[in-house]
Amino acid sequence: MKKKAIFTKVCVYLDQFAVSDMVDNQQTELWSEIKNQLIKLHQDGIIFCPKSSEHYFETSQKSHENSVLHDSFLERLSDGWCFKPELFVSSQLISSHIRKNTIGIKTYMYDNVQNILESDIKYSQFNELSTNFRGLVLEATEGINDLRKYTRDIRMDSKTKKSFLKVLEMYEPRNFISRLQDLYNEGGIRIRGVSIGGQEIPHWIDLIIDQLLRTHKFTRLEVKKLITEFEQNGFKNIPSLNIRFSLHNLAAVYQKKETPGDHMDFARLSTGMPLSTLLFTDKKRKNELLELGFDTLYGTKIFSGAQPDLVDFLSELKTL
């Protein structure tokens with residue numbers, strides 16, 4: 001059950017709805033039993049449930065008092081571990097893959113992260129960041145969502161969908177390769193701004209490249225190796241990028257409306273899924289992950305809030 005060579009405990013990823021259903025007063029008998037089982041397994045040193053950056057974003061949208069209650073519950077189960085933001089996980093995974101370094105818990109997580117939302121200042125900062133994030137996503141997806149209203153009813157057979165997905169798989173890797181080639185040929189890049197809602201937001205590719213240069217001290221030879229890696233494999237060997245863009249591409253194939261909640265899910269899963277043995281997400285995301293085969297690829301059992309899944313999750317906990 002444990003992710004081999006990384007943890008001595010089973011990593012259980014709790015999505016926001018799972019934490020809420022165990023903390024809020026209206027919890028059902030089944031959720032109450034799940035909660036008690038998680039607490040017992042943690043006390044026995046069998047599991048831990050890390051926090052995440054997205055946990056702080058979403059929890060800060062509650063009242064301060066309620067957010068502290070939710071954060072304290074997850075804090076109790078986390079052993080102080082918290083998944084790093086996507087940018088830092090992706091840049092570290094790229095560096096480790098190119099340099100053939102071992103992937104460990106600190107590749108994905110910070111340790112000793114405690115009681116952040118108790119601070120009025122931190123709570124207000126996350127609340128503001130979360131509100132801004134939602135506004136930016138709404139602005140950024142408005143055009144594509146409007147287009148998908150008119151294309152959603154166009155039917156594609158299974159073969160066409162697979163072909164379309166295959167084409168999309170290399171779209172962002174090619175964009176990344178183009179920027180890496182600029183870096184390789186010119187010896188440097190300027191971080192581009194993307195205009196969204198009247199604001200200039202740094203381009204995600206350039207932010208990762210900046211991390212590779214400043215933090216990981218990538219050499220020219222390593223940049224060349226990364227170009228070759230993406231040309232040959234796309235994002236398949238970089239789990240965080242593979243998960244995010246596979247989910248994004250699936251949304252495009254099915255012409256789905258994209259929401260701030262979707263993008264929060266993409267961020268959660270891109271960092272949280274590779275290391276988690278048991279993972280909660282919503283029913284829509286679960287079905288997408290199963291369709292992509294990521295449960296098998298990453299060795300993760302996925303559960304939603306549907307009643308049969310909750311029963312299965314509780315049974316799974318009782319086998320640990």
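Taking the stated definitions as given, is R179 of a type in the set (K, R), assigned to a helix (DSSP H, G or I) and either surrounded by fewer than 13 Cβ atoms within 10 Å (Cβ to Cβ) or in contact (Cβ under 8 Å) with a residue 24 or more places away in the chain (or both)? Spelling it out, R179 is indeed of a type in the set (K, R), assigned to a helix (DSSP H, G or I) and either surrounded by fewer than 13 Cβ atoms within 10 Å (Cβ to Cβ) or in contact (Cβ under 8 Å) with a residue 24 or more places away in the chain (or both).
For the stretch 49-78, which positions are free of Cβ contacts under 8 Å to residues at least 60 places away in the same chain and either part of a loop (DSSP other than H, G, I, E, B) or closer than 15 Å to L275 by Cα (or both)? Answer for the stretch 49-78, where residues must be free of Cβ contacts under 8 Å to residues at least 60 places away in the same chain and either part of a loop (DSSP other than H, G, I, E, B) or closer than 15 Å to L275 by Cα (or both): C49, K62, S63, S78.
Checked across the stretch 237-253, the condition of being of a type in the set (K, R), surrounded by 13 or more Cβ atoms within 10 Å (Cβ to Cβ), in contact with a helix residue (DSSP H, G or I) (Cβ under 6 Å, 6 or more places away or on another chain) and at pLDDT 95 or above holds for at least one residue. In the stretch 115-141, what residues are part of a helix (DSSP H, G or I) and on the phi > 0 side of the Ramachandran plot? The answer is none; no residue qualifies. In the set K51, K40, only one residue is assigned by TED's automatic domain parsing to the domain that holds D282 and surrounded by fewer than 22 Cβ atoms within 10 Å (Cβ to Cβ); that residue is K40.
When only residues in the stretch 194-232 that are part of a strand (DSSP E or B) and either of a type in the set (K, R) or over 23 Å from the mean Cα position of the chain (by Cα) (or both) count, which is modelled with the lowest pLDDT?
Within the stretch 194-232, the first condition is being part of a strand (DSSP E or B), and the residues that meet it are 194-196, 199-202.
Next, from what is left, pick out any that are either of a type in the set (K, R) or over 23 Å from the mean Cα position of the chain (by Cα) (or both): 195, 199-200.
Values: S195: 68, Q199: 72, E200: 75.
Among residues in the stretch 194-232 that are part of a strand (DSSP E or B) and either of a type in the set (K, R) or over 23 Å from the mean Cα position of the chain (by Cα) (or both), the one modelled with the lowest pLDDT is S195.
Scanning the stretch 10-48 for residues that are small (G, A, S) and part of a helix (DSSP H, G or I) yields A18, S20, S32.
Applying the condition of being at pLDDT 90 or above and among the charged types (D, E, K, R) to the stretch 110-169 and asking which residue is surrounded by the fewest Cβ atoms within 10 Å (Cβ to Cβ) yields D120.
When each of V12, V89, V23 is tested for being within 19 Å of F313 (Cα to Cα) and modelled with pLDDT of 95 or more, the lone residue that passes is V12.
The values are calculated or read from the model by the stated rules, or taken from the named source; none is laboratory data. All values reported here derive from a predicted model rather than from experimental measurement. Ideal geometry is used to build each Cβ from the backbone, glycine not excepted, and the neighbour counts take in all protein chains shown.
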